[in-house]
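Enquirer: Take this structure first; my questions come after.
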Amino acid sequence: QVQLVESGGGLVQPGGSLRLSCAASGSTFSIAAMGWYRQAPGKQRELVATFTSGDSTNYADSMKGRFTISKDNRKNTVYLQMSSLKPEDTAVYYCRAYLPYGTYWGQGTQVTVSS
């Protein structure tokens with residue numbers, strides 16, 4: 001079992017920045033990779049950024065250059081630094097952990113970009 005807890009969401013003005021955190025606990029030794037997804041109202045959940053094998057990363061095209069995923073293996077934590085935020089970035093952001101036998105999701109953290 002793996003537990004994921006996201007934090008760092010909130011209300012930010014267009015052009016602003018936020019840093020999300022996702023702390024993993026439990027059977028963290030089984031985690032192969034972690035990543036971030038988001039779901040806006042009325043839309044499907046979509047990839048934001050994820051680590052793949054080792055330290056390789058994969059970003060959705062619309063996030064490249066604005067969002068940066070990073071991690072601290074000692075803390076079992078993955079981060080998402082978001083800059084130049086736009087109203088269309090408003091969504092619930094979810095952390096996902098990939099394990100050999102399945103995936104786990106966090107509860108999500110709301111990000112609202114509005115003036």
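The values are calculated or read from the model by the stated rules, or taken from the named source; none is laboratory data. Just so it is clear, the model here is predicted, and its values are computed rather than measured. Positions of Cβ are backbone-derived with ideal geometry, glycine not excepted, and every protein chain shown enters the neighbour counts. Quick note on the areas: whole protein, heavy atoms, side chains included, nothing else; ligands and nucleic acids left out. Shrake-Rupley method; radii C 1.70, N 1.55, O 1.52, S 1.80 Å.
Enquirer: Quick one: which residues, 5+ away or cross-chain, put their amide H under 5 Å from the amide H of Ser27? H built at 1.01 Å from N.
Expert: Val2, Gln3
Enquirer: Using a 1.4 Å probe on the protein heavy atoms, what percent of the accessible area of the chain belongs to carbon and sulfur?
Expert: Solvent-exposed carbon and sulfur of the chain make up 48 percent of the total.
Enquirer: Just to confirm, what accessible area per residue do you get for the chain at 1.4 Å probe, in whole Å²?
Expert: 53 Å²
Enquirer: Can you give the alpha-carbon Rg of the stretch 51-115 over 2.2 N^0.38 Å, where N counts its residues?
Expert: Ratio of Cα Rg to 2.2 N^0.38 Å: 1.22.
Enquirer: While we're here: Heavy atoms only, probe 1.4 angstrom, no DNA, RNA or ligands counted: give me Glu6, Glu46, Glu88 ranked by accessible area, highest first.
Expert: Sorted by accessible area, descending: Glu88, Glu46, Glu6.
Enquirer: Let me ask you something else. Quick one: what do you get for the stretch 9-57 if you divide its Cα Rg by 2.2 N^0.38 Å?
Expert: Its radius of gyration relative to the 2.2 N^0.38 Å reference: 1.43.
Enquirer: Based on Cβ point charges of +1 for Lys and Arg and -1 for Asp and Glu, what charge dipole magnitude is obtained for the stretch 37-115 about its Cα centre, in debye rounded to the nearest 20?
Expert: 120 debye
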